[in-house]
Amino acid sequence: MATTKRYDVKDLKLAAEGGSRIEWADRQMPVLAAIRERFEREQPLAGHRISACLHVTTETANLMRTLKEGGADVVLCASNPLSTQDDVAAALVEEFDISVFAIKGEDNDTYYQHIEAAVDHKPQLTMDDGADVIGVLHAHRREQLGDIIGATEETTTGVIRLKALERDGALGFPVIAVNDAKTKHFFDNRYGTGQSTIDGIIRATNILLAGRRFVVAGYGWCGRGVAMRARGMGSHVIVTEVDPLRALEAAMDGYEVLPMERAAQVGDIFVTATGDKSVITRDHIEQMKDGAILANTGHFNVEIEIGALRDLAVETREARSMVDEFTMADGRRIYLIGEGRLVNLAAAEGHPALVMDMSFANQALSAEWVIANSATLERQVYNVPQEIDDEIARLKLATMGIDIDVLTDEQARYLESWDEGT
Ligand SMILES: NC(=O)c1ccc[n+]([C@@H]2O[C@H](COP(=O)([O-])OP(=O)(O)OC[C@H]3O[C@@H](n4cnc5c(N)ncnc54)[C@H](O)[C@@H]3O)[C@@H](O)[C@H]2O)c1
């Protein structure tokens, strides 16, 4: 049944506060602002319905504005029940006339009803962060698959799910892996997740990081960002990995590398950043010290076995806002931040705008590219075209006031030849 409601947000009275915060983020997003100005003139998205399922933050709001200025009819829902900023949701509805279905802390049923509401918008283009809209379309809204000319996917976990769908020959339309653009994951996953994960842990707990044993599970793009920033705060960082190459990188970057079984016994703070499940298990929890703090910054709340934590606890209570305390039979207390969901979005504000500028520039330009090339695209996962990646890097440098050298013709010839200069 098609929804008749235009929005479902917590409180429209929060709109003014959300509006100022959206404007504040916009000042840090000059690349997206330049794209928005061009979109307003050229209207490349005119006449297209877009359903976006992204974290409802100030940065996302500026992406939604950009799509709307480009001529699109946009609906937004949340890609995580805890990441919505209710003032931003209100401002998008009140000040920008964009439909939003998202309330911070919504239960699972409401979360999925909101995704269904976004699908009711009958999109021709979708934007996901974790492939939830694409999942719903492929599971039980298959009659709409034919209407969709393309989609974009923001994060590592989503891209992995979509590549699995493609391998099974089941992908219903072309998808652009925005995550895999260099101007996205080199910066957003590493510097964005690095800073905002630490920010979330500190806001939730107000603990001192200096001198603590800080365990990072996964030394991918996110994990290395978190490890780098935890070290910068004076922690002794321990990395756990399953990939020998990445474990080696972590070791040569100067971190202690241990299996989780051993790290569990010594760690004070644990952050999972793998995209995998059951990275911290019941066995690990049983070995942890009194006061250990657990958080997840990978996409879903399955990296830490939260069920085991609940089973093992003889008492559970909220120790602080966003921090649950689990007391074990032997008296040890283990703390979980943000219900094991993305800690940087549950307990802080997500990535800083300056880095989301590049991620969302990729989203906006990918949407434009899908529309311009829809006649020739196949049902497969595409990388963001190299020209888009290069252009975003150039624009970002320019907005940071950074000049770089340019190859001379002679140097270009030298670098391309196999015999010159030997
Ligand atoms: N918090 C955020 O805002 C944010 C931002 C970007 C990405 N993400 C999510 O973070 C996760 C990681 O993203 P990424 O770009 O770093 O991916 P990545 O593929 O670069 O890194 C993941 C790493 O985890 C390792 N790993 C897998 N299973 C493991 C296990 N059981 N124990 C230890 N290590 C294990 C892999 O070997 C790999 O090196 C994904 O779920 C992604 O969607 C979150």
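The values are calculated or read from the model by the stated rules, or taken from the named source; none is laboratory data. Bear in mind the structure is a predicted one, so any value in this text is a computation, not a measurement. Here Cβ is always computed from backbone atoms with ideal geometry, including for glycine, and neighbour counts include all displayed protein chains. Calculation scope for accessible area: heavy atoms of the full protein, side chains included, ligands and nucleic acids excluded. Shrake-Rupley method; radii C 1.70, N 1.55, O 1.52, S 1.80 Å.
For the stretch 97-151, the carbon plus sulfur part of the accessible surface works out to 46%, probe radius 1.4 Å. Here the Kirkwood formula, the inverse mean of 1/r across different C-alpha pairs, assigns the stretch 1-77 a hydrodynamic radius of 13.5 Å. Compactness ratio for the stretch 190-345: Cα radius of gyration over 2.2 N^0.38 Å (N = residue count) comes to 0.93. For the stretch 255-339, the fraction of 1.4 Å probe accessible surface lying on carbon and sulfur atoms is 42 percent.
Put simply, the C-alpha atoms of the stretch 219-268 give a gyration tensor, and the ellipsoid matching it has half-axes of 15, 15, 9 Å, longest first. Over every Cα atom in the stretch 44-85, the radius of gyration and the widest Cα-Cα span, Dmax, amount to 10.6, 33 Å. Taking the Cα centre of the chain as origin and assigning +1 to Lys and Arg Cβ atoms and -1 to Asp and Glu Cβ atoms, the resulting dipole is close to 780 debye. With only the Cα atoms considered, the stretch 4-144 has a convex hull volume of 101 Å³ per residue. For the chain, the equivalent ellipsoid built from the Cα gyration tensor has semi-axes of 35, 29, 21 Å, listed from largest to smallest.
All other residues whose Cβ lies under 9 angstrom from that of residue 129 are scored, Lys and Arg at +1 and Asp and Glu at -1, for a net of -4. Computed over the Cα atoms of the stretch 100-233, pair by distinct pair, the Kirkwood hydrodynamic radius stands at 17.0 angstrom. Could you tally up the Lys pairs in the chain with alpha carbons closer than 15 Å? Skip any pair fewer than 8 positions apart unless they're on separate chains. Number of lysine pairs found: 4. Set the Cα radius of gyration of the stretch 143-194 against 2.2 N^0.38 Å, with N its number of residues, and you get 1.30. Rg/Rh, computed from the Cα trace of the stretch 270-401 with Rh as the Kirkwood radius, has the value 1.18.
Computed from Cα atoms alone, the Kirkwood hydrodynamic radius reported for the stretch 383-422 is 12.5 Å. Per residue, the chain exposes an accessible area of 44 Å² to a 1.4 Å probe, with every protein chain left in place.
Annotation: Cα Rg of the stretch 90-132 relative to the compact-globule expectation 2.2 N^0.38 Å equals 1.23. The residues packed around residue 246, meaning those with a beta-carbon under 14 Å from its beta-carbon, carry a net charge of -3 if Lys and Arg are +1 and Asp and Glu are -1. Only Cα sites of the stretch 95-169 enter the Debye sum here, all with the same form factor; the resulting log10 I(q)/I(0) across q = 0.16, 0.19 1/Å is -0.63, -0.87, listed in q order. The stretch 170-269 has equivalent-ellipsoid semi-axes of 27, 17, 12 Å, by the square roots of 5 times the alpha carbon gyration tensor eigenvalues, sorted largest first.
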